[in-house]
Structures are given as structure tokens and as C-alpha cells.
Amino acid sequence: MTTRQSLEHPIRHGIAVAMRHGLGRGLGFAAIMALLLVMSASARIAGAENLDAQGSHGYFPAWFKLSFLDLRKDIEEAGAAGKQGVMVLFSIRGCAYCKMMVERSFKDPGIEAVLRRHFDVVHLDIRSDLDLKDPRGRAMMVREFAKREGASFSPTVAFYGLDGHHLLRVVGYQTPERFRATLDEVIAKLARAGRLPSISERAGDTRAD
């Protein structure tokens, strides 16, 4: 789901509710439009808060997912899209090594292809005080979740499977070569668990043609 789709989803729902209940009860057109404007503003405020928690840095690629800070829901949506889970990038604003890892590793064509095929990618700011639900549905602040997951330093990358369990965590900047090895390890673990047909998602899979 794209950022725009994520923000528009509650608006589309509001339109359906208004049409089903408001019009049926004689609610005027102006009142319905006012209701939709309020819902639209609320959705945009929520989106802005989530962008703050996720660090609205300009260097993140467009295919990073704008999460509504419910990682269990994010994992469910990844599974519905045929993916194997969610990768979380823990970072802080102004982190030079985070920017370098995004631009050199995540934007590598081969790495990007494998990430987008198997995972939805979410970014979280490890200093954020916003509320979040972890991959098992437990509520806490983003910074508390980051600390619990061992993301005291940035960048930290963590992978979560469709059952919400932690697959792998790596701390610190990883060159494209090192991150390819990290992806190979995650994919091998999924293959051993029967989540992938075979380990033929091999190292060559993470290299551009």
C-alpha cells in the first residue's frame, strides 16, 4: 500500500459510512461534506504524526511503506501481498550512516528487488514517543520498542516473519556486499522453515542482472 493509499483508506471508508447511514436518514449534502472534511483532516494529521515517528527524511525511497504504527497489521498486509514479513529500519534524524545505507545498499537494484519481493519495509525513529503496536499486537512507545529490540544504535535493521517472530537483527552500517549476505541469511532461514520453496533465492538473487 502506498503512502497516499494509506491516508485515503479511512476517507474512502468514511464516504461509504456517510452514504449508507447519512443519506438514508436524510442527512443533508452539506453536513455529509463537512463530515468528510473532518475525517480527511484527521487522516492527514495521523499521517503527519506517523511520518514524524518514521522520520520524514527525503532520502527514503518511495517504496518504503508509511506505517500507521501497527506492525502486526503491517505484517498481515505483507502476507496478503504474498510477502514473507516486514523489515524495520531503526534510525534517527541526521544519521549519516543511515542515509548512506539507504542510498548505497537499499537502492542497489538487486537488493531493492529482493526486499520488495519478500518484505514490506518500514522506518522508525528510535527516539519517537508515539504509540505503536509491536508485531505481536502489544502497545508501547516507538522508543520503547526500539530499545526492546536492541536498536539502541542507528542504523539497526530487524526482520519479522509472518508469525510476528523476530528473524534477524543487524546493527550498524552495512555495505551492499554485507547486506546481500544478510538477506541471504534471512532467506535461508525462511527456506528452512518452509516459508520459501527452496534456498534457490541464493546469493545471486540479490545481485542486479
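The values are calculated or read from the model by the stated rules, or taken from the named source; none is laboratory data. Small disclaimer: the values here were computed from a predicted structure and weren't measured. Because the Cβ atoms are built from the backbone with ideal geometry, glycine has one as well, and the counts that use them run over all protein chains shown.
Computed values, structure above
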read-out	value
Filter result (among the acidic types (Asp, Glu) and either without any contact (Cβ under 8 Å) to a residue 60 or more places away in the chain or under 18 Å from Ile126 (Cα atoms) (or both)) within the range 77-104	Glu103
Where a residue in the range 105-119 is assigned by TED's automatic domain parsing to the domain that holds Glu77 and part of a loop (DSSP other than H, G, I, E, B) and its partner, wherever it lies, is surrounded by 20 or more Cβ atoms within 10 Å (Cβ to Cβ) and modelled with pLDDT under 95, with Cβ under 9 Å and at least six apart	Asp108/Thr206
Residue in the range 195-207 that is crowded, with 18+ Cβ neighbours inside 10 Å, assigned to a helix (DSSP H, G or I), of a type outside the set (Val, Ile, Thr) and at pLDDT 95 or above present	no
Restricting the range 82-104 to residues that are part of a helix (DSSP H, G or I) and in contact with a His (Cβ under 9 Å, 6 or more places away or on another chain), the residue that is surrounded by the most Cβ atoms within 10 Å (Cβ to Cβ)	Cys98
Among residues of the range 134-160, those that are under 13 Å from the mean Cα position of the chain (by Cα) and part of a strand (DSSP E or B), counted	4
Index of the failed condition, Ser154 passing every other in (1) out of contact with any strand residue (DSSP E or B) (no Cβ under 7 Å at 6 or more places or on another chain); (2) farther than 28 Å from Gly194 by Cβ; (3) touching a residue at least 12 places away in the same chain (Cβ under 8 Å)	(1)
Checklist (1) closer than 19 Å to Arg143 by Cα; (2) surrounded by 20 or more Cβ atoms within 10 Å (Cβ to Cβ); (3) not hydroxyl-bearing (Ser, Thr, Tyr) applied to Ala78, failing item	(1)
Ser128 vs. criteria within 30 Å of Glu177 (Cα to Cα), in contact (Cβ under 8 Å) with a residue 24 or more places away in the chain and not in a helix (DSSP H, G or I)	no
Among (1) at negative phi; (2) modelled with pLDDT of 95 or more - the single one Lys107 does not satisfy	(2)
Residues satisfying the stated conditions in the range 161-190, i.e. in contact (Cβ under 8 Å) with a residue 60 or more places away in the chain, among the small types (Gly, Ala, Ser) and outside any strand (DSSP E or B)	Gly164, Gly172
Restricting the range 161-180 to residues that are modelled with pLDDT of 95 or more and loosely packed, with under 15 Cβ neighbours inside 10 Å, the residue that is nearest to Leu89 (Cα to Cα)	Gly172
Complete set of residues in the range 83-99 that are at pLDDT 95 or above and either among the acidic types (Asp, Glu) or on the phi > 0 side of the Ramachandran plot (or both)	Gly85
